[in-house]
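What follows is a set of notes on a single structure, which appears directly below.
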Amino acid sequence: MKWTAKYDFFDLYKVKVNGGSFNPGSAIRLTKIEIPYENTIILGGSKDENSFDPTKTGDIAVLFASKDRGKNYQEIIIGEKDMDYMESKGDYTLIKAYTMDSVAVKHYKILLLNNKTFELQKVDEYVRPANLSDYYYSDFDGKYIVLENYGTFTIVNLLNRKEEYKIPTNKIGDYFFYTGNGRIVYKKDNEIREYNAITQEDKLLNKLKNKYDYFFYIDNQLTLQNKIFDDGDKFQYDIYDINENPLYTKTPENKYFYRYKNFVCDYRKLGAKPEIHYSYDYGKTWKVHHVTDFTILQNVFGFYKDEFLVTEGIFWHFDSPESGGRVMVGEFVK
(Lines give C-alpha, C1' and ligand atoms only; values in the text may rest on other atoms or scores of the structure.)
Protein backbone atom coordinates (compact mmCIF):
# COMPACT_ATOMS: atom_id res chain seq x y z
CA MET A 1 0.00 0.00 0.00
CA LYS A 2 1.01 3.60 -0.32
CA TRP A 3 -0.33 6.33 1.94
CA THR A 4 -1.31 9.34 -0.15
CA ALA A 5 -2.92 11.70 2.38
CA LYS A 6 -2.26 12.53 6.04
CA TYR A 7 -4.70 15.08 7.42
CA ASP A 8 -4.28 16.91 10.70
CA PHE A 9 -7.39 18.61 12.13
CA PHE A 10 -5.14 21.44 13.30
CA ASP A 11 -5.06 22.47 9.63
CA LEU A 12 -8.84 22.96 9.75
CA TYR A 13 -9.21 24.84 13.03
CA LYS A 14 -5.83 26.46 13.67
CA VAL A 15 -6.87 27.24 17.24
CA LYS A 16 -5.33 27.83 20.64
CA VAL A 17 -7.41 27.33 23.75
CA ASN A 18 -6.87 29.23 27.01
CA GLY A 19 -3.65 30.68 25.65
CA GLY A 20 -1.97 27.32 25.12
CA SER A 21 -1.40 24.93 22.28
CA PHE A 22 -4.25 22.57 21.50
CA ASN A 23 -4.52 19.62 19.14
CA PRO A 24 -8.11 19.66 17.82
CA GLY A 25 -7.86 16.02 16.84
CA SER A 26 -7.91 15.05 20.52
CA ALA A 27 -11.43 16.48 20.85
CA ILE A 28 -12.86 14.70 17.80
CA ARG A 29 -14.14 11.13 17.79
CA LEU A 30 -14.73 9.57 14.38
CA THR A 31 -17.30 6.77 14.19
CA LYS A 32 -18.12 6.39 10.47
CA ILE A 33 -16.38 6.90 7.14
CA GLU A 34 -18.20 7.01 3.81
CA ILE A 35 -16.66 7.42 0.34
CA PRO A 36 -19.40 8.14 -2.21
CA TYR A 37 -17.12 9.15 -5.10
CA GLU A 38 -13.55 8.55 -6.14
CA ASN A 39 -12.29 11.78 -4.55
CA THR A 40 -15.03 12.53 -1.99
CA ILE A 41 -14.61 11.39 1.62
CA ILE A 42 -17.14 12.03 4.40
CA LEU A 43 -16.22 11.49 8.04
CA GLY A 44 -18.91 11.31 10.71
CA GLY A 45 -18.52 11.59 14.45
CA SER A 46 -18.66 13.97 17.38
CA LYS A 47 -16.77 17.00 18.61
CA ASP A 48 -16.25 17.97 22.26
CA GLU A 49 -17.41 21.59 22.16
CA ASN A 50 -15.97 22.41 25.57
CA SER A 51 -12.45 21.81 24.23
CA PHE A 52 -12.99 24.60 21.71
CA ASP A 53 -15.18 26.90 23.80
CA PRO A 54 -15.14 26.73 27.65
CA THR A 55 -18.63 28.28 27.75
CA LYS A 56 -20.11 25.16 26.09
CA THR A 57 -20.52 21.64 27.39
CA GLY A 58 -20.94 18.21 25.85
CA ASP A 59 -20.51 16.79 22.37
CA ILE A 60 -22.10 17.79 19.10
CA ALA A 61 -22.53 15.60 16.01
CA VAL A 62 -20.37 16.72 13.12
CA LEU A 63 -19.27 15.79 9.60
CA PHE A 64 -15.98 16.45 7.85
CA ALA A 65 -16.10 16.40 4.07
CA SER A 66 -13.31 16.32 1.50
CA LYS A 67 -13.46 16.79 -2.27
CA ASP A 68 -9.76 16.08 -2.92
CA ARG A 69 -9.35 12.56 -1.54
CA GLY A 70 -8.43 13.58 1.98
CA LYS A 71 -5.98 16.41 1.46
CA ASN A 72 -8.42 19.02 2.86
CA TYR A 73 -11.70 18.86 4.79
CA GLN A 74 -14.50 21.22 5.71
CA GLU A 75 -16.64 21.00 8.85
CA ILE A 76 -20.42 20.50 8.65
CA ILE A 77 -22.37 20.81 11.92
CA ILE A 78 -25.30 18.39 12.04
CA GLY A 79 -27.14 20.26 14.78
CA GLU A 80 -27.89 17.32 17.10
CA LYS A 81 -25.88 15.93 19.98
CA ASP A 82 -25.22 12.43 18.64
CA MET A 83 -25.07 10.68 15.28
CA ASP A 84 -26.72 7.27 15.25
CA TYR A 85 -26.22 6.22 11.61
CA MET A 86 -24.64 7.36 8.35
CA GLU A 87 -24.65 5.79 4.88
CA SER A 88 -23.73 7.12 1.43
CA LYS A 89 -25.50 5.96 -1.71
CA GLY A 90 -25.34 7.74 -5.05
CA ASP A 91 -25.51 11.51 -4.72
CA TYR A 92 -26.65 11.62 -1.08
CA THR A 93 -25.57 10.58 2.39
CA LEU A 94 -28.30 9.61 4.84
CA ILE A 95 -27.74 10.71 8.44
CA LYS A 96 -29.75 9.71 11.49
CA ALA A 97 -28.97 11.96 14.46
CA TYR A 98 -30.60 12.60 17.80
CA THR A 99 -30.68 14.72 20.93
CA MET A 100 -31.76 13.22 24.25
CA ASP A 101 -33.95 15.37 26.49
CA SER A 102 -33.99 15.58 30.29
CA VAL A 103 -36.21 12.49 30.63
CA ALA A 104 -33.96 10.36 28.37
CA VAL A 105 -36.28 10.50 25.35
CA LYS A 106 -34.46 10.54 22.03
CA HIS A 107 -35.59 13.08 19.44
CA TYR A 108 -34.44 11.92 16.02
CA LYS A 109 -33.81 13.79 12.80
CA ILE A 110 -33.29 12.21 9.40
CA LEU A 111 -31.06 14.35 7.20
CA LEU A 112 -29.64 14.17 3.68
CA LEU A 113 -26.23 15.50 2.73
CA ASN A 114 -25.73 16.32 -0.94
CA ASN A 115 -22.44 14.59 -1.75
CA LYS A 116 -21.56 17.15 -4.44
CA THR A 117 -22.50 20.45 -2.80
CA PHE A 118 -22.35 19.32 0.88
CA GLU A 119 -25.72 20.99 1.46
CA LEU A 120 -27.52 19.44 4.44
CA GLN A 121 -31.32 19.18 4.60
CA LYS A 122 -33.78 17.72 7.13
CA VAL A 123 -36.29 15.25 5.69
CA ASP A 124 -37.98 13.94 8.85
CA GLU A 125 -38.01 14.23 12.63
CA TYR A 126 -39.74 12.12 15.26
CA VAL A 127 -39.61 10.93 18.85
CA ARG A 128 -38.25 7.42 19.26
CA PRO A 129 -41.14 5.00 19.83
CA ALA A 130 -41.09 2.51 22.70
CA ASN A 131 -40.70 -0.31 20.16
CA LEU A 132 -37.89 0.78 17.82
CA SER A 133 -39.28 -1.17 14.85
CA ASP A 134 -42.63 0.67 15.00
CA TYR A 135 -41.11 3.59 13.08
CA TYR A 136 -37.87 2.68 11.37
CA TYR A 137 -35.91 3.67 8.24
CA SER A 138 -33.70 1.14 6.43
CA ASP A 139 -32.13 0.29 3.06
CA PHE A 140 -31.37 3.72 1.60
CA ASP A 141 -30.54 3.66 -2.14
CA GLY A 142 -29.60 7.33 -2.67
CA LYS A 143 -33.17 8.46 -3.30
CA TYR A 144 -35.69 5.95 -1.97
CA ILE A 145 -35.77 4.32 1.44
CA VAL A 146 -37.87 1.66 3.17
CA LEU A 147 -40.01 2.99 6.02
CA GLU A 148 -41.69 0.68 8.50
CA ASN A 149 -44.51 2.68 10.06
CA TYR A 150 -46.30 0.64 12.74
CA GLY A 151 -46.45 -2.54 10.68
CA THR A 152 -46.90 -0.95 7.25
CA PHE A 153 -43.93 -1.01 4.87
CA THR A 154 -43.54 1.65 2.19
CA ILE A 155 -40.82 2.86 -0.15
CA VAL A 156 -40.48 6.62 0.26
CA ASN A 157 -38.73 9.14 -1.98
CA LEU A 158 -36.77 11.25 0.52
CA LEU A 159 -36.38 14.00 -2.07
CA ASN A 160 -40.16 14.17 -2.57
CA ARG A 161 -42.09 12.79 0.41
CA LYS A 162 -45.36 12.79 -1.56
CA GLU A 163 -43.99 9.92 -3.65
CA GLU A 164 -44.34 6.63 -1.81
CA TYR A 165 -45.20 3.05 -2.71
CA LYS A 166 -46.71 0.41 -0.48
CA ILE A 167 -44.92 -2.93 -0.13
CA PRO A 168 -47.54 -5.73 -0.30
CA THR A 169 -46.30 -7.87 2.59
CA ASN A 170 -49.56 -9.85 2.41
CA LYS A 171 -48.33 -11.08 -0.98
CA ILE A 172 -44.56 -11.33 -0.65
CA GLY A 173 -44.22 -11.69 3.14
CA ASP A 174 -42.31 -9.42 5.51
CA TYR A 175 -38.90 -11.05 4.88
CA PHE A 176 -37.50 -9.28 1.84
CA PHE A 177 -34.50 -7.26 0.69
CA TYR A 178 -34.67 -3.86 -0.94
CA THR A 179 -32.10 -3.56 -3.74
CA GLY A 180 -32.86 -0.03 -4.97
CA ASN A 181 -35.08 1.88 -7.39
CA GLY A 182 -38.24 0.31 -6.02
CA ARG A 183 -37.06 -3.28 -6.44
CA ILE A 184 -37.67 -5.83 -3.69
CA VAL A 185 -36.24 -9.35 -3.83
CA TYR A 186 -37.83 -12.16 -1.87
CA LYS A 187 -37.80 -15.95 -1.74
CA LYS A 188 -40.96 -17.98 -2.24
CA ASP A 189 -40.56 -21.73 -1.96
CA ASN A 190 -37.73 -22.56 -4.42
CA GLU A 191 -38.00 -19.31 -6.37
CA ILE A 192 -36.08 -16.04 -6.02
CA ARG A 193 -38.45 -13.32 -7.17
CA GLU A 194 -38.33 -9.55 -7.65
CA TYR A 195 -41.24 -7.21 -7.02
CA ASN A 196 -41.08 -3.62 -8.28
CA ALA A 197 -43.12 -1.45 -5.93
CA ILE A 198 -43.18 1.41 -8.46
CA THR A 199 -44.42 -0.55 -11.50
CA GLN A 200 -46.03 -3.40 -9.44
CA GLU A 201 -44.32 -5.90 -11.75
CA ASP A 202 -43.44 -9.26 -10.21
CA LYS A 203 -40.93 -11.48 -12.00
CA LEU A 204 -38.87 -14.62 -11.51
CA LEU A 205 -35.12 -14.11 -11.04
CA ASN A 206 -34.11 -17.74 -10.53
CA LYS A 207 -35.68 -21.10 -9.87
CA LEU A 208 -33.40 -22.88 -7.43
CA LYS A 209 -32.12 -26.35 -8.24
CA ASN A 210 -30.87 -27.01 -4.69
CA LYS A 211 -32.08 -26.34 -1.18
CA TYR A 212 -30.48 -23.68 1.02
CA ASP A 213 -30.67 -22.95 4.72
CA TYR A 214 -30.69 -19.15 4.47
CA PHE A 215 -31.37 -16.28 2.07
CA PHE A 216 -29.48 -13.11 3.03
CA TYR A 217 -28.29 -9.75 1.72
CA ILE A 218 -24.63 -9.45 2.75
CA ASP A 219 -21.54 -7.79 1.31
CA ASN A 220 -23.82 -5.67 -0.92
CA GLN A 221 -25.21 -8.69 -2.72
CA LEU A 222 -27.98 -11.24 -2.40
CA THR A 223 -26.72 -14.61 -1.22
CA LEU A 224 -27.86 -18.13 -0.49
CA GLN A 225 -26.21 -19.93 2.42
CA ASN A 226 -25.83 -23.47 3.65
CA LYS A 227 -24.80 -24.15 7.23
CA ILE A 228 -22.09 -26.80 7.39
CA PHE A 229 -21.77 -26.50 11.17
CA ASP A 230 -22.21 -23.85 13.84
CA ASP A 231 -20.89 -24.34 17.37
CA GLY A 232 -20.92 -20.67 18.39
CA ASP A 233 -17.27 -19.63 18.18
CA LYS A 234 -16.65 -22.13 15.39
CA PHE A 235 -18.81 -22.20 12.28
CA GLN A 236 -18.74 -22.70 8.54
CA TYR A 237 -21.25 -21.50 5.95
CA ASP A 238 -21.00 -21.99 2.20
CA ILE A 239 -22.06 -18.81 0.41
CA TYR A 240 -23.60 -18.71 -3.10
CA ASP A 241 -25.05 -15.97 -5.29
CA ILE A 242 -28.72 -16.19 -6.26
CA ASN A 243 -27.76 -18.04 -9.45
CA GLU A 244 -26.24 -20.74 -7.20
CA ASN A 245 -22.64 -19.99 -8.13
CA PRO A 246 -20.27 -20.57 -5.16
CA LEU A 247 -18.71 -17.39 -3.78
CA TYR A 248 -16.76 -18.31 -0.65
CA THR A 249 -16.95 -20.13 2.68
CA LYS A 250 -17.66 -17.98 5.73
CA THR A 251 -15.74 -18.88 8.89
CA PRO A 252 -14.77 -16.93 12.06
CA GLU A 253 -11.49 -16.04 10.31
CA ASN A 254 -13.15 -14.11 7.46
CA LYS A 255 -16.50 -13.08 8.95
CA TYR A 256 -15.66 -9.36 9.13
CA PHE A 257 -13.73 -8.91 5.90
CA TYR A 258 -14.49 -6.02 3.60
CA ARG A 259 -15.52 -7.39 0.18
CA TYR A 260 -15.94 -5.78 -3.22
CA LYS A 261 -16.46 -8.21 -6.09
CA ASN A 262 -13.36 -10.48 -5.94
CA PHE A 263 -11.46 -8.06 -3.67
CA VAL A 264 -11.15 -8.92 0.03
CA CYS A 265 -9.52 -6.91 2.82
CA ASP A 266 -8.80 -8.07 6.37
CA TYR A 267 -8.09 -4.98 8.47
CA ARG A 268 -8.63 -6.44 11.94
CA LYS A 269 -5.02 -6.59 13.15
CA LEU A 270 -4.86 -3.24 14.93
CA GLY A 271 -2.53 -1.88 17.59
CA ALA A 272 1.09 -0.80 17.76
CA LYS A 273 2.08 -2.80 14.67
CA PRO A 274 -1.04 -2.97 12.50
CA GLU A 275 -1.25 -5.14 9.40
CA ILE A 276 -3.58 -4.86 6.42
CA HIS A 277 -4.13 -8.02 4.38
CA TYR A 278 -5.80 -7.83 0.98
CA SER A 279 -6.53 -10.13 -1.92
CA TYR A 280 -7.78 -9.73 -5.48
CA ASP A 281 -8.88 -13.35 -5.92
CA TYR A 282 -11.44 -13.77 -3.10
CA GLY A 283 -8.75 -14.77 -0.62
CA LYS A 284 -6.80 -17.44 -2.50
CA THR A 285 -3.61 -15.34 -2.44
CA TRP A 286 -2.82 -12.39 -0.17
CA LYS A 287 -0.70 -9.26 0.00
CA VAL A 288 0.30 -8.02 3.47
CA HIS A 289 1.03 -4.39 4.30
CA HIS A 290 2.87 -3.77 7.57
CA VAL A 291 2.11 -0.29 8.91
CA THR A 292 5.34 1.05 10.41
CA ASP A 293 4.94 4.81 10.84
CA PHE A 294 1.78 4.95 12.93
CA THR A 295 -0.62 2.86 15.00
CA ILE A 296 -4.28 2.12 14.28
CA LEU A 297 -6.29 1.79 17.47
CA GLN A 298 -9.90 2.14 16.29
CA ASN A 299 -11.78 -0.21 14.00
CA VAL A 300 -13.18 2.65 11.89
CA PHE A 301 -12.48 2.21 8.18
CA GLY A 302 -13.98 3.39 4.93
CA PHE A 303 -13.36 1.81 1.53
CA TYR A 304 -13.72 2.92 -2.05
CA LYS A 305 -14.27 -0.17 -4.17
CA ASP A 306 -10.95 -2.04 -4.42
CA GLU A 307 -8.87 1.13 -4.77
CA PHE A 308 -8.23 2.74 -1.37
CA LEU A 309 -9.19 2.90 2.29
CA VAL A 310 -9.49 5.69 4.86
CA THR A 311 -8.79 5.30 8.57
CA GLU A 312 -7.38 7.21 11.54
CA GLY A 313 -3.71 6.70 12.37
CA ILE A 314 -2.01 7.75 15.60
CA PHE A 315 1.52 9.15 15.40
CA TRP A 316 3.79 9.07 18.45
CA HIS A 317 6.56 11.68 18.57
CA PHE A 318 6.60 12.51 22.29
CA ASP A 319 5.90 16.26 22.68
CA SER A 320 6.35 17.04 19.01
CA PRO A 321 3.44 18.71 17.14
CA GLU A 322 3.72 15.77 14.74
CA SER A 323 2.11 13.58 17.40
CA GLY A 324 -1.59 12.80 17.43
CA GLY A 325 -4.32 11.47 15.20
CA ARG A 326 -4.30 11.89 11.44
CA VAL A 327 -6.86 10.88 8.85
CA MET A 328 -4.94 8.58 6.52
CA VAL A 329 -5.72 7.55 2.95
CA GLY A 330 -4.04 4.36 1.77
CA GLU A 331 -4.15 3.17 -1.83
CA PHE A 332 -3.98 -0.54 -2.58
CA VAL A 333 -1.20 -1.62 -4.92
CA LYS A 334 -2.16 -4.44 -7.23
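The values are calculated or read from the model by the stated rules, or taken from the named source; none is laboratory data. This structure is a prediction, so every number in the text was calculated from the model and none was measured. Backbone-built Cβ (ideal geometry, glycine too); neighbour counts: all protein chains shown. What goes into the accessible areas is simple: the full protein's heavy atoms, side chains included, and nothing from ligands, DNA or RNA. Shrake-Rupley method; radii C 1.70, N 1.55, O 1.52, S 1.80 Å.
Looking across segment 81-117, just one residue is hydrophobic (A, V, I, L, M, F, W, C), closer than 19 Å to F140 by Cβ and either assigned to a loop (DSSP other than H, G, I, E, B) or open to solvent by 20 Å² or more (accessible area, probe 1.4 Å) (or both), and that is M83. Against the definition (touching a helix residue (DSSP H, G or I) at 6+ places or on another chain (Cβ under 6 Å) and hydroxyl-bearing (S, T, Y)), how does S133 come out, yes or no? When the stated conditions are applied, S133 does not pass them. Restricting K203, K171 to residues that are open to solvent by 60 Å² or more (accessible area, probe 1.4 Å), in a helix (DSSP H, G or I) and not polar (S, T, N, Q) narrows the list to K171.
Yes/no matrix, rows are residues, columns are (1) β-branched (V, I, T); (2) within 22 Å of K334 (Cα to Cα):
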| residue | (1), (2) |
| --- | --- |
| K227 | no, no |
| P246 | no, no |
| T251 | yes, no |
| C265 | no, yes |
| P274 | no, yes |
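Picking from residues in segment 127-164 that are within 21 Å of the chain's Cα centre (by Cα) and among the acidic types (D, E), the one that is surrounded by the most Cβ atoms within 10 Å (Cβ to Cβ) is D141.
Residue-by-condition table, conditions (1) under 21 Å from Y282 (Cβ atoms); (2) under 28 Å from the mean Cα position of the chain (by Cα):
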{"position": "T179", "(1), (2)": "no, yes"}
{"position": "V185", "(1), (2)": "no, yes"}
{"position": "E194", "(1), (2)": "no, yes"}
{"position": "I228", "(1), (2)": "yes, no"}
{"position": "Q236", "(1), (2)": "yes, yes"}
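Against the numbered list (1) at pLDDT below 95; (2) over 28 Å from D84 (Cβ atoms); (3) of a type in the set (D, E, K, R), K2 comes up short only at (1).
Restricting segment 206-215 to residues that are open to solvent by 70 Å² or more (accessible area, probe 1.4 Å) and not in a loop (DSSP other than H, G, I, E, B), the residue that is farthest from Y280 (Cα to Cα) is K207.
Of everything listed in (1) closer than 30 Å to T93 by Cβ; (2) at pLDDT 95 or above, the single unmet condition for K207 is (1). Provide a single number: the residues in segment 216-233 that are in a strand (DSSP E or B) and in contact (Cβ under 8 Å) with a residue 40 or more places away in the chain. Number satisfying all stated conditions: 2.
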